[in-house]
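See structure below.
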Amino acid sequence: MDKEAKTSSSSSTQSDFKIGKSTFIQYKKGLIEKDYKIGEVVGSGAFASVRKVVNKTTGQVRALKIIKKQKGQDNARLYLEVEILKKLVHPNIMQIFEFYEDKKNFFIITEFCEGGELFDKIVEKGSFSESEAAWIMKQLLSAVNYIHSNHIVHRDLKPENILLDTKKQNIIKIIDWGTARFFDKSKKMNRISGTPYYIAPEVLAEKYDEKCDVWSCGVILYIMLCGYPPFNAESDEQILERIKKGKFTFPPEEWDTVSPLAKDLVTKMLTFEPSKRLSAAEALEHKWLVANNSKT
């Protein structure tokens, strides 16, 4: 879901940060084929696709995200996404290298991850062991804590936006930063942004802070441990109504074998009141994550 509400209350943070083509050190205009050999499609959506490419000079394998230009499109948001990615250097955040543009498309060159989406792995496995779930959650929270400390919020964390490289000890990479933005700690955000199942109740109330990302992480952890979401229904509208109430349970059939410490972390990340919810930094120090320190 992506509803534009009032003018963002922390827009001053973004306006103070000047966005433009001159900002990009690696901004290029023209044919991308001059620099890269274009390979197979590895992902696609309504207005974008991702292809595997090889740099003709270095031989390095990269990922190429191709975004079609649309009439009336807000290009400033795309420039902001790229600029945010350029600022983020973290092992669990997809690294950006170059940004191209021609008359029809925008092109973003990033590192290439061999694994698929965490979503696909959840579908395949059904649920994760506690050690597997903890290893993924540690990486996710580490990245979230990093962006929050840099006054950036993602706002659409979900298994589809997390790549899992099974060839490299299940290293994760967070992708799709189109809804990310800079935030001001002294002000609340009010633009509804996110995906049903994972969106926080305070986002639906149009008054929230960066802890909306922690809520999303809590939903992801819940799903990894049992195989289904804490707020489920037949339609998006019903799902959102359940999220607004914020009440969930641990059904005995799936959760009796899950440790009390794991349930405790889920509960503290899905605390309805954001001021009482754990921050990403606090969640990283939870006893369950500390106890489960293996790379599965």
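The values are calculated or read from the model by the stated rules, or taken from the named source; none is laboratory data. Bear in mind that the values here come from a model prediction, so they are computed numbers and not experimental data. Backbone-built Cβ (ideal geometry, glycine too); neighbour counts: all protein chains shown. For the accessible areas, the whole protein counts, side chains as well, though only heavy atoms, and no ligand, DNA or RNA atoms are used. Shrake-Rupley method; radii C 1.70, N 1.55, O 1.52, S 1.80 Å.
What to note about this one:
- Amide H contacts of Tyr36 (H built 1.01 Å from N, in plane; Pro and chain starts excluded): Lys56 sit under 5 Å, all sequence-distant by 5 or more or on other chains.
- Backbone HN-Hα couplings from phi across the stretch 190-206 [Karplus 6.51/-1.76/1.60, Hz, Gly and Pro as x]: 9, 8, 5, 8, x, 10, x, 5, 10, 6, 7, x, 5, 5, 5, 7, 6
- For a label point 7 Å along the Cα-to-beta-carbon line of Val41, residues of the stretch 57-93 with backbone N under 13 Å: 66-68
- The chain: Cα Rg divided by the 2.2 N^0.38 Å rule of thumb: 1.01
- Here the peptides 179-189, 227-237 are ranked by packing, the mean other Cβ count within 10 Å, and the order with the highest first is 179-189, 227-237.
- For the set Phe47, Phe106, solvent exposure ranked by accessible area (probe 1.4 Å, protein chains only) runs largest to smallest as Phe47, Phe106.
- Antiparallel content of DSSP bridges confined to the chain, in %, to 5: 90 percent
- Taking Cβ atoms as reference points and 15 Å as the exclusive limit, the residues near Ser235 contribute a net charge of -2, counting Lys and Arg as +1 and Asp and Glu as -1.
- In this view, the solvent-accessible surface of Arg77, computed with a 1.4 Å probe and all protein chains in place, comes to about 80 Å².
- Nonlocal Lys pairs with alpha-carbon distance under 17 Å, the stretch 249-296 (8 or more apart, or different chains): 5
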